[in-house]
Amino acid sequence: MEFIRADIQRRASNYQWSVEKWANESNFPFSFAQLERNHLSGKDQPFPYWDGVAHHDVGNMEPQGMYWLFGELLAERFFVALDKLGYADGLLPVADRRRQIAEIDAKLKELNAKREGLANDLISSGMYE
């Protein structure tokens, strides 16, 4: 889930930038009168909900907007789908896996240092070059 959420957040990250760009390039903030006229007439408000760039309908939704708006729901639903497959049964939590990998890496570093020492001892003994 940690990786799924991080991936969704990465995919959604441009949305905020797009909204800022849109705000700088449009006549935002809109006047109360304009918003009120749209509201009273039943017109859509000119906000870029779906892509952070332009006033589009849902059929033109950009993925970054989808990930930003529905990211948590996507993560939860995806996890439910994966959970039904039983992949998580008996797996170590990510923090425990990272701890174990760090321990293995430290042991490898120690063993490599010992191997280097033994190799240097052999070379300095004159038996091997």
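Values for this structure:
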{"quantity": "Any hit, segment 81-98, residues being modelled with pLDDT under 90, in contact with a helix residue (DSSP H, G or I) (Cβ under 6 Å, 6 or more places away or on another chain) and surrounded by 10 or more Cβ atoms within 10 Å (Cβ to Cβ)", "calculated": "yes"}
{"quantity": "Residue match in segment 80-90 (condition: part of a helix (DSSP H, G or I), of a type in the set (D, E, K, R) and assigned by TED's automatic domain parsing to the domain that holds ALA6)", "calculated": "yes"}
{"quantity": "Scan of segment 73-129 for residues that are over 23 Å from the mean Cα position of the chain (by Cα) and among the acidic types (Asp, Glu), ordered by number", "calculated": "ASP89, GLU103, ASP105, GLU110, GLU116, ASP121, GLU129"}
{"quantity": "Flag if PHE30 is without any contact (Cβ under 8 Å) to a residue 24 or more places away in the chain and either more than 22 Å from the chain's Cα centre (by Cα) or buried (at least 16 other Cβ atoms within 10 Å of the Cβ) (or both)", "calculated": "yes"}
{"quantity": "Qualifying residue in segment 63-75 (condition: charged (D, E, K, R), at pLDDT 85 or above and closer than 20 Å to ILE8 by Cα)", "calculated": "yes"}
{"quantity": "Test: residue in segment 116-127 that is closer than 18 Å to GLU2 by Cβ, surrounded by 10 or more Cβ atoms within 10 Å (Cβ to Cβ), without any contact (Cβ under 8 Å) to a residue 40 or more places away in the chain and polar (S, T, N, Q)", "calculated": "no"}
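The values are calculated or read from the model by the stated rules, or taken from the named source; none is laboratory data. Given the structure is predicted, the values throughout are model-derived calculations rather than measurements. Every residue, glycine as well, gets a Cβ built from its backbone with ideal geometry; the counts of neighbours run over all protein chains shown.
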